[in-house]
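The values are calculated or read from the model by the stated rules, or taken from the named source; none is laboratory data. No experiment lies behind these values; they were computed from the predicted model shown. All Cβ positions, even for glycine, are placed from backbone atoms using ideal geometry, and neighbour counts span all protein chains on display.
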């Protein structure tokens, strides 16, 4: 679905490139978590994928199309929800009438269902919405397009705690069959139950590129008291309950739930390779 080859990109006026030879491949029918520290290129990669930025060298293709050329056939299967945006001063009904014909599989039924799951009314005046409400409308519209590729940059920013739980329900219940979603976020606890695949980006390097199944088959996550710490612990962080730890999974060990924040800290600190 997405293929980047030797991708080089830098912003005008910057002394350093964001990417200098990045290569990666992302497949269809996946929910990807795109993680990384600030300035590591997460948002930039989404904008390059959408064709809103163009690489200085290398290439990035989406469904076989050169992303930078923004072919209509590519754009009708791709929808980007940026972190910051302004919705026009019009009703959602008017907005839908203007845009729905661009997307061959657009579903008003899915739009209504997503809004309902977010506890939003079916008809809204977008100029009267709060930031969090606008984000719910934008994400609902994105899912209603039925696009094969959805890109979301920090989708849970601005949402309250119940709405963050609602976000997981909306995505899990309304993504079109065969579609892929790439979520770039710092709010790892908001998405860790959704993901099929984890990417940890460090500019031109992928520190981690693995399915959640691979991670669970390789590592165990748990809590140990100080007296239980031994050389089987690969990474640990103290907490009120004890030490949150990552250990290598051994034969006979049961599956544990991935602690995505702990995994991220272990990988980016170089303690887990």
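Overview of values
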| quantity | calculated |
| --- | --- |
| Subset of region 76-91 (residues that are modelled with pLDDT under 95, touching a helix residue (DSSP H, G or I) at 6+ places or on another chain (Cβ under 9 Å) and either in a loop (DSSP other than H, G, I, E, B) or surrounded by 16 or more Cβ atoms within 10 Å (Cβ to Cβ) (or both)) | 82, 83, 85, 86, 87, 88, 89, 90 |
| Residues that are outside any helix (DSSP H, G or I) and either touching a residue at least 40 places away in the same chain (Cβ under 8 Å) or more than 15 Å from residue 270 (Cα to Cα) (or both), drawn from region 225-244 | 225, 229, 230, 231, 232, 238, 239, 240, 241, 242, 243, 244 |
| Qualifying residue in region 251-273 (condition: surrounded by fewer than 20 Cβ atoms within 10 Å (Cβ to Cβ), assigned to a strand (DSSP E or B) and out of contact with any strand residue (DSSP E or B) (no Cβ under 6 Å at 6 or more places or on another chain)) | no |
| Complete set of residues in region 100-122 that are touching a helix residue (DSSP H, G or I) at 6+ places or on another chain (Cβ under 6 Å) and farther than 11 Å from residue 141 by Cα | 117, 118, 120, 122 |
| Single condition residue 40 does not satisfy, out of (1) crowded, with 21+ Cβ neighbours inside 10 Å; (2) part of a loop (DSSP other than H, G, I, E, B); (3) out of contact with any strand residue (DSSP E or B) (no Cβ under 8 Å at 6 or more places or on another chain) | (3) |
| Checklist (1) within 21 Å of residue 26 (Cα to Cα); (2) surrounded by 21 or more Cβ atoms within 10 Å (Cβ to Cβ); (3) out of contact with any strand residue (DSSP E or B) (no Cβ under 6 Å at 6 or more places or on another chain) applied to residue 175, failing item | (2) |
